[in-house]
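Comments concern the structure below.
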């Protein structure tokens, strides 16, 4: 089968064998679905074209004729006033029918994939999971068989659009993160601080790969899964990335993510202080992997 996740920043595909429970080929591309969400409340025509271009490439890489396909989309389509029209147009052009899923479903699928990966790596105990997306950030707690989550409408694309410079974002960050801080601290009071902090999605995986010397085209998730980062790693990565020109930076973070990585790193770095952790465990698996796992019988 093929699982597809159209997020607020990226379009991601992955193959999954339901019999062997093994993942196969994968592909992702930056589409910036949410680039006009903050200012205009819509999915732009340019974003739609990038999505269709991503499908053109995916059709060359995967066999859509013999594989079952399941596709979901998240925050940008939840909020955009023209989402229904856009998804109908994408279906007309690609024959792929996307389901818009709610924040709770998104968190549950992400948690399924991350927990599966952590168990395979030998991690045990309670954890706080952060999923920094393009249009939203999911905060998820896992303790034993219990979990809870909350979605917050800020992500790397919407924050970059709202605060176009590092200085503006730094100045606004504390106020923007107040609701997340309140939620996390209230959980700590009720359940205690989890054993460890886990981060998934493009920002932490990009920082980890960059600091390991990997370029975007050489990305190896096996070297990323289970690795750790701290706030000083974030500062180091951001300083080094900002010293590069756009072309050099794109070689490490991917075309289309050259400017977004700044808002992503600043958000991620702030969470270390907010959540009171020295380190975070990095997991590459996310929504598309959880979707595949859940879909198979």
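The values are calculated or read from the model by the stated rules, or taken from the named source; none is laboratory data. Bear in mind the structure is a predicted one, so any value in this text is a computation, not a measurement. Heads up, the Cβs are rebuilt from the backbone with ideal geometry, glycines too, and the neighbour counts pull from every protein chain shown.
Brief remarks follow.
- Test result for residue 33, part of a strand (DSSP E or B), within 25 Å of residue 261 (Cα to Cα) and modelled with pLDDT under 95: no
- Count - residues of region 60-77 that are farther than 15 Å from residue 28 by Cβ and surrounded by fewer than 19 Cβ atoms within 10 Å (Cβ to Cβ): 7
- Test for residue 51: is it part of a helix (DSSP H, G or I) and either modelled with pLDDT of 95 or more or outside the structural domain of residue 162 (by TED's automatic domain parsing) (or both): yes
- In the set 98, 123, only one residue is in contact (Cβ under 8 Å) with a residue 60 or more places away in the chain, crowded, with 16+ Cβ neighbours inside 10 Å and touching a helix residue (DSSP H, G or I) at 6+ places or on another chain (Cβ under 7 Å); that residue is 98.
- Options 135, 155: the member that is modelled with pLDDT under 95, in contact with a helix residue (DSSP H, G or I) (Cβ under 6 Å, 6 or more places away or on another chain) and within 25 Å of residue 274 (Cα to Cα): 135
- Members of region 99-142 that are over 30 Å from residue 43 (Cβ atoms) and in contact with a strand residue (DSSP E or B) (Cβ under 8 Å, 6 or more places away or on another chain): 115, 118, 123, 125, 126, 127, 128, 141, 142
- Residues located in region 245-291, provided they are within 21 Å of residue 73 (Cβ to Cβ) and surrounded by fewer than 17 Cβ atoms within 10 Å (Cβ to Cβ): 256
- Residue in region 2-16 that is assigned to a loop (DSSP other than H, G, I, E, B) and free of Cβ contacts under 8 Å to residues at least 60 places away in the same chain present: no
- Tally of residues being farther than 24 Å from residue 171 by Cα, free of Cβ contacts under 8 Å to residues at least 12 places away in the same chain and part of a helix (DSSP H, G or I) across region 230-268: 2
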